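Peer 1: This is the structure, below, for whatever I ask next.
The values are calculated or read from the model by the stated rules, or taken from the named source; none is laboratory data. All figures in this text were calculated on a predicted structure; none of them were measured in a lab. Cβ coordinates were reconstructed from backbone atoms using ideal geometry, including for glycine residues, and neighbour counts include every protein chain displayed. Accessible surface areas use protein heavy atoms only, side chains included; no ligands, DNA or RNA. Shrake-Rupley method; radii C 1.70, N 1.55, O 1.52, S 1.80 Å.
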Amino acid sequence: MLEQLLIFTRGGLILWTCKELGNALKGSPIDTLIRSCLLEERSGLASFDYSAHGAAYTLKWTFHNELGLVFVAVYQKILHLLYVDELLSMVKHEFSEIYDPKRTVYADFDETFRQLKKEAEARAEELKKSKQVGKPVNNKKQGQVQKGGLGGDKKKNEGGLASDGGDGDNMKGRKLENGISNGNHVDFKESNGTANGKENTSSNLGAFDVNKLQKLRSKAGKKTEKTATVDSKSSKAEPKKKITKKNRVWDDKPPESKLDFTDPIGENGDNNIEVVAADHGDSMMDKEEDFSSESEEEEEEDVGKESKPDKQKKGWFSSMFQSIAGKANLERSDLEPALKALKDRLMTKNVAEEIAEKLCESVAASLEGKKLASFTRISSTVQTAMEDALVRILTPRRSIDILRDVHAAKEQRKPYVVVFVGVNGVGKSTNLAKVAYWLQQHNVSVMMAACDTFRSGAVEQLRTHARRLQIPIFEKGYEKDPAVVAKEAIQEATHNGSDVVLVDTAGRMQDNEPLMRALSKLVNLNNPDLVLFVGEALVGNDAVDQLSKFNQKLADLSTSQNPRLIDGILLTKFDTIDDKVGAALSMVYISGAPVMFVGCGQSYTDLKKLNVKSIVKTLLK
């Protein structure tokens with residue numbers, strides 16, 4: 001049963017709702033649809049599933065882009081209503097004829113909707129009946145095949161095989177498989193019984209001689225025995241020697257007595273280790289990046305190159321007339337060449353293929369049916385729509401001012417906790433140190449927590465950064481529970497009055513179940529203020545898999561009803577990718593989390609904000 005159908009403008013003004021249905025929706029499915037799909041450029045999807053406490057709905061929608069209207073139908077997720085798409089298209093057609101921008105009440109549309117709903121339901125019932133009528137016919141045909149195979153005459157058998165379209169071949173295949181696995185010779189005369197002689201001779205041609213197969217197996221067994229004996233002899237002949245690793249000697253330097261230099265001498269006193277306390281300069285986070293947009297001439301040249309094939313097809317006069325008068329309504333076929341070119345361009349910039357396809361579908365849905373303005377080309381219209389969509393996606397939906405949140409937590413006399421998560425080798429520890437240096441410059445007291453108790457050398461690496469930046473570090477060594485270490489670090493920071501705790505975690509692949517479970521425990525037990533996903537700018541299609549599985553594991557392995565997911569993204573190695581900036585778009589699109597930091601070098605100052613305009617221009621140039 002249809003729960004609700006409503007019509008509203010793109011500005012959010014509700015024009016009409018179905019009073020006849022009158023069902024009060026549980027939760028806020030419409031608001032969630034607008035936030036998660038329509039504003040996030042996911043309007044190219046076929047449907048949206050909404051799940052909340054005690055409610056599960058499926059939402060379908062369509063647009064009238066020329067009038068700026070949105071039509072949404074809501075029904076129970078457990079139901080499969082066949083008439084919803086047809087009903088939406090009929091409602092869209094009828095309502096567009098009576099729509100007036102100055103009018104806000106459409107009470108007279110109730111009767112029209114009632115008739116349209118009856119028509120759509122009647123057509124769906126007819127479709128169901130036609131499917132049900134077709135089912136017994138198929139059963140009769142199958143019965144004929146079985147009779148013909150068991151003992152019918154030749155005509156029935158041939159007719160049954162022809163009508164069934166190939167089930168006879170499948171039956172032969174099954175009999176052959178059974179015969180070979182049992183080790184018996186398969187003879188179709190015994191299986192078919194009263195079948196005709198011609199059929200039996202033709203089927204015997206397809207029978208497989210199992211005796212030959214057994215001979216081949218025996219030969220293969222002898223060969224494997226020979227190779228096994230040769231291997232055993234060679235293994236006995238080889239002497240067992242223990243290989244010990246020797247220290248390398250450089251030139252005339254005397255050999256070292258040990259290779260482990262991580263002795264606890266420098267943990268308390270740091271007498272033998274030089275502390276680099278020099279100023280590294282101002283962090284790039286506080287510098288506004290100047291972005292010079294491309295010139296109008298270059299854009300016109302690009303548009304001209306894309307529109308050359310259209311000119312050759314349509315001719316000079318028709319293209320000139322269309323650009324002056326404007327096209328009546330844009331159709332999908334008009335948009336496809338420009339969208340294909342845009343999709344290829346996005347993929348060359350390292351955007352995941354799935355994301356590029358969804359973006360183009362969303363842009364097509366927003367432009368289809370719109371009237372093309374005078375003196376404008378389709379390619380430039382599509383590019384402008386894509387540019388607006390990319391800006392909307394990459395612009396954060398909420399405030400990402402960490403310094404303000406730190407001061408708010410300080411007023412409550414508790415430390416602001418940031419957890420850095422991500423896959424192996426992306427630079428979590430290095431960029432944690434960059435964030436610590438940036439916070440230091442704003443007079444924020446920072447403490448590091450070494451919760452990577454899995455990787456060898458991780459604690460020493462973080463200890464080196466802490467020594468260079470003169471920041472306290474909380475560590476408990478290796479093979480400890482990282483969730484407990486983080487909890488004790490937060491308690492220590494509360495006792496010492498530290499403003500921020502930066503928690504370093506072990507790198508883990510998204511498919512590593514034990515490590516993902518440990519990460520979920522750390523996040524649930526300590527409830528950090530910010531969960532930062534650290535990802536490489538070099539990654540392509542794998543960005544979608546990494547972020548979606550990290551979020552999925554954090555949600556599935558959480559014990560609370562409202563699990564903590566990824567709040568922000570730190571993009572590393574951004575200085576190595578030239579114009580392949582698509583990873584930023586892929587990560588933001590799949591997770592909905594903003595890019596809060598961008599790592600662009602190897603020094604502590606090489607941390608900056610994401611310039612949205614620069615990224616969009618780079619993606620589309």
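Peer 1: Among what's in region 338-355 and is of a type in the set (Gly, Ala, Ser) and not in a loop (DSSP other than H, G, I, E, B), pick the residue that is surrounded by the fewest Cβ atoms within 10 Å (Cβ to Cβ).
Peer 2: Looking only at region 338-355, we keep the residues that are of a type in the set (Gly, Ala, Ser), and these are 338, 341, 352.
So of that shortlist, the ones also not in a loop (DSSP other than H, G, I, E, B) come out as 338, 341.
Numbers: ALA338: 26, ALA341: 16.
Here the residue is ALA341.
Peer 1: Is it fair to say PHE71 is open to solvent by less than 60 Å² (accessible area, probe 1.4 Å) and not in a helix (DSSP H, G or I)?
Peer 2: Working: open to solvent by less than 60 Å² (accessible area, probe 1.4 Å): yes; not in a helix (DSSP H, G or I): yes.
Taking the combined requirement at face value, the residue satisfies it.
Peer 1: Another question, if that's okay. Run ALA433 past the list (1) farther than 20 Å from LYS480 by Cβ; (2) open to solvent by 10 Å² or more (accessible area, probe 1.4 Å) and report the number of the one that doesn't hold.
Peer 2: Status for ALA433: all satisfied but (2).
Yes/no per residue for (1) free of Cβ contacts under 8 Å to residues at least 40 places away in the same chain; (2) basic (Lys, Arg); (3) touching a Leu at 6+ places or on another chain (Cβ under 6 Å); (4) under 26 Å from LEU620 (Cα atoms):
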position: ASP344; (1), (2), (3), (4): yes, no, no, yes
position: VAL363; (1), (2), (3), (4): no, no, no, yes
position: GLN412; (1), (2), (3), (4): yes, no, no, no
position: LYS428; (1), (2), (3), (4): no, yes, no, no
position: LYS434; (1), (2), (3), (4): no, yes, yes, no
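Peer 1: Can you say whether LEU33 is in the same structural domain as TYR106 (by the TED database) and open to solvent by less than 20 Å² (accessible area, probe 1.4 Å), as far as the supplied structure shows? Spell out how you get there, then give the answer.
Peer 2: Working: in the same structural domain as TYR106 (by the TED database): yes; open to solvent by less than 20 Å² (accessible area, probe 1.4 Å): yes.
Considered against the rule, which asks whether it is in the same structural domain as TYR106 (by the TED database) and open to solvent by less than 20 Å² (accessible area, probe 1.4 Å), LEU33 comes out as yes.
Peer 1: Go through region 580-595 residue by residue and tally those that are of a type in the set (A, V, I, L, M) and either free of Cβ contacts under 8 Å to residues at least 40 places away in the same chain or surrounded by fewer than 20 Cβ atoms within 10 Å (Cβ to Cβ) (or both). Give the steps one after another, and end with the answer.
Peer 2: Taking region 580-595 first, the residues of a type in the set (A, V, I, L, M) are 581, 583-585, 587-588, 590, 593, 595.
With the extra rule that they be either free of Cβ contacts under 8 Å to residues at least 40 places away in the same chain or surrounded by fewer than 20 Cβ atoms within 10 Å (Cβ to Cβ) (or both), the set shrinks to 590.
Within region 580-595, residues that are of a type in the set (A, V, I, L, M) and either free of Cβ contacts under 8 Å to residues at least 40 places away in the same chain or surrounded by fewer than 20 Cβ atoms within 10 Å (Cβ to Cβ) (or both) number 1.
Peer 1: For region 11-32, check the following and say yes or no: at least one residue is at pLDDT below 80, among the polar types (S, T, N, Q), in a loop (DSSP other than H, G, I, E, B) and under 26 Å from VAL391 (Cα atoms).
Peer 2: No, every residue in region 11-32 fails to be at pLDDT below 80, among the polar types (S, T, N, Q), in a loop (DSSP other than H, G, I, E, B) and under 26 Å from VAL391 (Cα atoms).
Peer 1: Among the residues of region 556-564, is any in contact (Cβ under 8 Å) with a residue 60 or more places away in the chain, open to solvent by less than 30 Å² (accessible area, probe 1.4 Å) and not in a helix (DSSP H, G or I)?
Peer 2: no
Peer 1: Within region 384-401, track down each residue that is in a helix (DSSP H, G or I) and either assigned by the TED database to the domain that holds VAL595 or under 24 Å from the mean Cα position of the chain (by Cα) (or both). Outline the logic, then answer.
Peer 2: Taking region 384-401 first, the residues in a helix (DSSP H, G or I) are 384-394.
Scanning region 384-401 gives ALA385, MET386, GLU387, ASP388, ALA389, LEU390, VAL391, ARG392, ILE393, LEU394.
Peer 1: Can I ask one more? Using the structure shown, decide if SER456 is assigned by the TED database to the domain that holds ALA506, among the small types (Gly, Ala, Ser) and closer than 21 Å to LYS487 by Cβ. I'd like the intermediate steps shown before the answer.
Peer 2: Values: assigned by the TED database to the domain that holds ALA506: yes; among the small types (Gly, Ala, Ser): yes; closer than 21 Å to LYS487 by Cβ: no.
Answer is no for this residue.
Peer 1: If you don't mind, another one. So which of LYS410, LYS358, LYS371 is within 24 Å of LEU532 (Cβ to Cβ) and open to solvent by 40 Å² or more (accessible area, probe 1.4 Å)? Steps first, answer last, please.
Peer 2: Working: LYS358 fails: within 24 Å of LEU532 (Cβ to Cβ); LYS371 fails: within 24 Å of LEU532 (Cβ to Cβ).
Among LYS410, LYS358, LYS371, only LYS410 is within 24 Å of LEU532 (Cβ to Cβ) and open to solvent by 40 Å² or more (accessible area, probe 1.4 Å).
Peer 1: Now, a different point. So ALA486 clears everything in (1) out of contact with any Leu (no Cβ under 6 Å at 6 or more places or on another chain); (2) open to solvent by less than 50 Å² (accessible area, probe 1.4 Å) except one condition, right? Which one?
Peer 2: All conditions are met except number (1).
Peer 1: Which members of region 36-59 meet the condition of being assigned to a strand (DSSP E or B), within 17 Å of VAL84 (Cα to Cα) and open to solvent by 50 Å² or more (accessible area, probe 1.4 Å)?
Peer 2: Answer for region 36-59, where residues must be assigned to a strand (DSSP E or B), within 17 Å of VAL84 (Cα to Cα) and open to solvent by 50 Å² or more (accessible area, probe 1.4 Å): just ASP49.
Peer 1: Quick test for you: out of ALA593, ALA506, ALA584, pick the one residue that is under 20 Å from ILE355 (Cβ atoms), outside any helix (DSSP H, G or I), of a type in the set (Gly, Ala, Ser) and modelled with pLDDT of 85 or more.
Peer 2: On the way: ALA506 fails: under 20 Å from ILE355 (Cβ atoms); ALA584 fails: outside any helix (DSSP H, G or I).
Sole residue among the options that is under 20 Å from ILE355 (Cβ atoms), outside any helix (DSSP H, G or I), of a type in the set (Gly, Ala, Ser) and modelled with pLDDT of 85 or more: ALA593.
Peer 1: State yes or no: is LYS480 open to solvent by 40 Å² or more (accessible area, probe 1.4 Å), within 15 Å of PRO528 (Cα to Cα) and among the charged types (D, E, K, R)? Can you show your working first?
Peer 2: Details: open to solvent by 40 Å² or more (accessible area, probe 1.4 Å): yes; within 15 Å of PRO528 (Cα to Cα): no; among the charged types (D, E, K, R): yes.
No.
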